[in-house]
Structure formats: structure tokens, C-alpha cells
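Asker: Before I ask anything, here is the structure I am working with.
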């Protein structure tokens, strides 16, 4: 799953615009800067999204009286910095495997419309007991915490989203978020058994987090951001 020179051009452009504005970029803007059709730009950006190099979201122009249809906007993930530094996705072993895991975990947030978050969290806790890979373990713990947090108030979730946006990258930022999430959940939870189990998960999370390399930390930070974006 190599990144071509043409794809690198797209990544450089979208990274430059994103860093200049701190806002997701519409594919029409990318098309304008590269002198290509909007359709070609959109197709390429979707391809890069599938590779885990971009994320997309839909936004409505609130400045218009009749906003109309939502526009799809793109933003670079932290993997873009690694790719632009000269590393290929083949050099980054965990990427492909983690993308498959991420798709599985992200699908859980869509299921919360039909299944209670606490039921999905319980399912994940059962699976967690058999997880040995440090990166997978950390992703599971983050998923469980976010599912549990969805049973709390929107204010609590909003505050934790702000924490996630403000924390530094890497191990310190990930540890800060998980610690804050656990603290918020501990204040509201009434089941001693659940808190005991989550306390053990938190301890194991810190140990597994210490084993992650820079790439794995980047993958986990991107996952955290996308997972929180799925919450309401």
C-alpha cells in the first residue's frame, strides 16, 4: 500500500492549507490549487482517507440563510507527517492491521443507536481479556471508556473532547486523556465492581502504552480523535 508521488502532492497541499487555516479543507479548494477537476480531487482524497492519511467530515455553511447540502471536508491525520518525511506505509508495519481494527471499533459507535453503550462496553471488556498486543489493548480501553462516557451527560463528554484537543501528542497526551476519562466516569459510576475492573484496565493501559513506538502512538492518537468525533 505505497503512496505515489501524485498522492504526495495532494498530501502536501492539504497539509499546507489545513495548517494555514486550522480548518478541514474542501476538495474544491484542493482541485483549484492543483488545477484539476473537483471530481478528480474528491476521488483522490477519498483514496487517501481509505489509507488512513486523511479524515473526512460533513459541514453545513452556517453563514448562509439557506445552507443547503452539507459539504465534505478533509483533514490530514498525524500519519501524513511520517509519510512526508520519507517513510512508506510498508515501512510502518502496524498501519494496515490497525486500520482493520479501527474499522471494527469505529463501527461500535454506530451501533449505539440500536444497542445501549454499556452493553457494547461489556462486550469489549470480555474481549479485552484475550488481547495481548499493546496497541490493540490500548485501543480497546479507549473504546470502552468512550462507550461508558456516552451514558453520562453531554457536558461531561464535551469537556473530555476539549481535553483531547488540548493534550500534547504521544504517550503523555494519551495518558492524560484516559486518566481524565476514568476520573469522570468514577465520579458518576455506582457499581464498585465496574470501577474496580476499569481501575485494573487503567493500570494495564499505562503499562501497554509505555511499550508503543512513535508510529503506534500516532495511530492511537488519530483513533482517539476519530472516536470522539463519533460521540454526540
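Asker: Under 25 Å from residue 227 (Cα atoms), within 22 Å of the chain's Cα centre (by Cα), part of a helix (DSSP H, G or I) and at pLDDT below 95: is that true of residue 83 in this structure?
Answerer: yes
Asker: Suppose the filter is in a loop (DSSP other than H, G, I, E, B), loosely packed, with under 12 Cβ neighbours inside 10 Å and at pLDDT below 70; does residue 90 pass it?
Answerer: yes
Asker: Separate question: Can residue 231 be described as modelled with pLDDT under 80 and either in a loop (DSSP other than H, G, I, E, B) or within 21 Å of residue 52 (Cβ to Cβ) (or both)?
Answerer: Against the criterion (modelled with pLDDT under 80 and either in a loop (DSSP other than H, G, I, E, B) or within 21 Å of residue 52 (Cβ to Cβ) (or both)), residue 231 qualifies.
Asker: Moving on to the next point. Look through the stretch 93-116, keep the residues that are modelled with pLDDT under 80 and under 13 Å from the mean Cα position of the chain (by Cα), and return whichever of them is farthest from residue 151 (Cα to Cα).
Answerer: 99
Asker: Select, from 205, 182, 177, the only residue that is over 21 Å from residue 231 (Cα atoms) and either buried (at least 16 other Cβ atoms within 10 Å of the Cβ) or at pLDDT below 75 (or both).
Answerer: From the options 205, 182, 177, the qualifying one is 205.
Asker: Do the conditions hold for residue 42, that is, is it closer than 23 Å to residue 13 by Cα, modelled with pLDDT of 75 or more and either out of contact with any helix residue (DSSP H, G or I) (no Cβ under 9 Å at 6 or more places or on another chain) or assigned by TED's automatic domain parsing to the domain that holds residue 211 (or both)?
Answerer: The answer is no for residue 42.
Asker: If you go through the stretch 117-157, how many residues are surrounded by 15 or more Cβ atoms within 10 Å (Cβ to Cβ), assigned to a loop (DSSP other than H, G, I, E, B) and at pLDDT 80 or above?
Answerer: Residues that pass the stated criteria total 2.
The values are calculated or read from the model by the stated rules, or taken from the named source; none is laboratory data. A quick note: this is a predicted structure, and the numbers were derived from the prediction, not measured. Quick reminder, even Gly has a Cβ in these numbers, built from the backbone with ideal geometry, and neighbours come from all protein chains shown.
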